[in-house]
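What follows is one structure encoded as structure tokens, with my remarks underneath.
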Amino acid sequence: MNTQDYIVLEEQFGAHNYHPLDVVVTKAEGVWVTDVDGNRYLDCLAAYSAVNQGHCHPKIYQAFIEQAKNVTLTSRAFRNDKLSLLYKKLHEVTGYDLSLPMNSGAEAVETAVKAARKWGYAVKGIPDGKAEIICASNNFHGRTTTIISFSTEEAYRNNFGPFTPGFRIVEFGNIDSLKQALNKNSAAFLVEPIQGEAGIIIPPEGYLREAARLCKEHNVLLIVDEIQSGLGRSGKLFAYEYEGIQPDAVIIGKALSGGFYPVSAVLSKKEVLGVFNPGEHGSTFGGNPLAAATAIAAIDVLIDEHLIERSFELGKYFLEKLREIKCTHIKTIRGRGLWIGLELDTNARPYCEALMKHGILCKETHDTVIRFAPPLVITKEEIDWALERIAKVLID
């Protein structure tokens with residue numbers, strides 16, 4: 001079968017909830033993927049930052065295979081010999097007291113929402129049914145009904161109501177907007193330190209620091225969504241580190257498994273996740289031994305191979321070189337680490353399609369932004385290879 005054969009099958013039998021580039025990947029290693037017709041591409045999306053460690057990393061693969069031979073799932077009805085080790089690893093690496101593993105990023109966000117609400121009632125003393133969670137405009141936290149209830153993107157909400165109440169929207173990056181929204185019923189402020197789907201939007205310097213101060217002053221939890229920005233993508237373990245703060249809770253996912261398995265988690269200070277009692281929240285697959293073993297290996301690779309530092313240094317180089325490209329359609333280029341948004345004054349999709357023809361896979365977001373987010377194992381030479389082709393496409 002060739003590319004077109006697979007596309008025909010997918011279009012005929014699959015729901016049309018994505019608009020992918022017409023490349024059918026059959027093999028991947030490191031930063032390179034190969035399609036069913038034998039064409040090779042440099043991956044500059046990294047599965048939306050899920051494969052920060054590179055495709056099919058051998059150390060993660062080995063941990064995955066070894067664990068799959070022993071036991072993959074027990075459910076949380078019983079204990080297993082890997083989950084406690086993941087808890088310990090997450091504590092040692094991040095400093096947070098407690099963690100609660102789930103599967104998808106959206107499940108972790110839902111978990112954080114539930115924890116924040118219960119904390120609001122049980123600890124802060126908000127009247128029953130009145131707890132509010134403040135969220136930022138142009139956010140992206142997932143696709144569940146509750147999560148799209150606090151989205152401002154019409155495409156995510158249209159024809160999916162009625163929506164879940166209890167959320168208040170403030171302008172991202174505007175500290176006065178947050179200040180005005182805080183009130184006695186505010187349980188938490190949920191925010192991305194860098195907005196990914198919005199186009200790699202970085203808030204003004206000091207924004208998160210002042211948000212943390214205001215949240216503490218008003219006895220409100222600061223919860224940051226680092227599902228895409230965290231685990232090295234932004235050039236730090238977490239993007240909030242650029243502001244020198246420690247949020248009350250952090251949501252992680254994607255690269256937590258290096259692309260081998262859906263693994264996510266909420267990390268928090270003891271008083272946040274400490275509100276849960278047995279039976280109040282759970283997941284059949286969340287924290288399973290296969291997920292835990294894979295996540296431990298994925299974290300070890302990030303640390304042992306210095307991929308976080310690599311992201312910082314090579315991201316700075318990539319950003320500088322992109323800014324040297326002279327193209328009248330470029331509005332702005334912004335980024336942190338190996339997470340870069342190139343905003344055009346025109347539709348970005350044709351440029352992504354042209355880049356694919358030149359051997360580079362990336363994806364547009366919000367119509368006019370091209371994202372460049374390769375696996376963190378990319379080399380300077382591979383970046384130079386990509387830059388040569390990016391310049392050709394933009395200038396042509």
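The values are calculated or read from the model by the stated rules, or taken from the named source; none is laboratory data. What you see is a predicted model, and the numbers here were worked out from it, not measured in a lab. In this analysis, Cβ positions are derived from the backbone assuming ideal geometry, glycine residues included, and neighbour counts consider all displayed protein chains.
Among the residues making up the range 360-396, a single one is at pLDDT below 95 and of a type in the set (A, V, I, L, M, F, W, C): ILE395. Against the test of being more than 17 Å from the chain's Cα centre (by Cα) and either within 21 Å of ASP248 (Cα to Cα) or surrounded by fewer than 22 Cβ atoms within 10 Å (Cβ to Cβ) (or both), the options GLU192, GLU132, GLU197 yield a single qualifying residue, GLU132. Among residues of the range 238-266 that are free of Cβ contacts under 8 Å to residues at least 40 places away in the same chain and farther than 15 Å from VAL93 by Cβ, those with a Cβ under 9 angstrom from a residue that is in a helix (DSSP H, G or I) and hydroxyl-bearing (Ser, Thr, Tyr), sequence gap 6+ or separate chain, pair up as PRO247/TYR240. Taking the conditions exactly as written (modelled with pLDDT of 95 or more, of a type outside the set (Gly, Ala, Ser), exposed (fewer than 15 other Cβ atoms within 10 Å of the Cβ) and not assigned by TED's automatic domain parsing to the domain that holds PRO278), does VAL8 satisfy them or not? So VAL8 passes the test. Does ILE245 count as in a loop (DSSP other than H, G, I, E, B), among the aliphatic types (A, V, I, L, M), surrounded by 17 or more Cβ atoms within 10 Å (Cβ to Cβ) and assigned by TED's automatic domain parsing to the domain that holds GLU192? Yes: the conditions hold for ILE245. Scoring VAL123 on the criteria (1) surrounded by fewer than 23 Cβ atoms within 10 Å (Cβ to Cβ); (2) outside any helix (DSSP H, G or I); (3) touching a residue at least 24 places away in the same chain (Cβ under 8 Å) leaves a single failure, condition (2). Applying the criterion of being of a type in the set (Gly, Ala, Ser) and in a loop (DSSP other than H, G, I, E, B) to the residues of the range 279-298, the residue that is nearest to GLU66 (Cα to Cα) is GLY287. Please work out if THR74 is in a loop (DSSP other than H, G, I, E, B), free of Cβ contacts under 8 Å to residues at least 24 places away in the same chain and either hydroxyl-bearing (Ser, Thr, Tyr) or outside the structural domain of ILE201 (by TED's automatic domain parsing) (or both). No.
Out of curiosity, is ARG233 charged (D, E, K, R), surrounded by 18 or more Cβ atoms within 10 Å (Cβ to Cβ) and either assigned to a helix (DSSP H, G or I) or out of contact with any Pro (no Cβ under 6 Å at 6 or more places or on another chain) (or both)? So ARG233 passes the test. Remark: GLU205 falls outside the filter, which requires a residue to be charged (D, E, K, R), buried (at least 23 other Cβ atoms within 10 Å of the Cβ), assigned by TED's automatic domain parsing to the domain that holds ASN138 and more than 18 Å from LEU45 (Cα to Cα).
Looking only at the range 108-120, decide whether some residue is more than 24 Å from GLY287 (Cβ to Cβ) and surrounded by 17 or more Cβ atoms within 10 Å (Cβ to Cβ). Scanning the range 108-120 turns up at least one residue that is more than 24 Å from GLY287 (Cβ to Cβ) and surrounded by 17 or more Cβ atoms within 10 Å (Cβ to Cβ). For ALA155, the test of being at pLDDT below 95 and among the aliphatic types (A, V, I, L, M) is passed. When the range 366-396 is filtered for residues that are under 19 Å from the mean Cα position of the chain (by Cα) and not aliphatic (A, V, I, L, M), the ones remaining, listed by number, are HIS366, ARG371, PHE372, PRO374, PRO375.
Regarding the range 66-89, can at least one residue be identified that is among the small types (Gly, Ala, Ser) and within 28 Å of ILE175 (Cβ to Cβ)? For the range 66-89, residues among the small types (Gly, Ala, Ser) and within 28 Å of ILE175 (Cβ to Cβ): absent.
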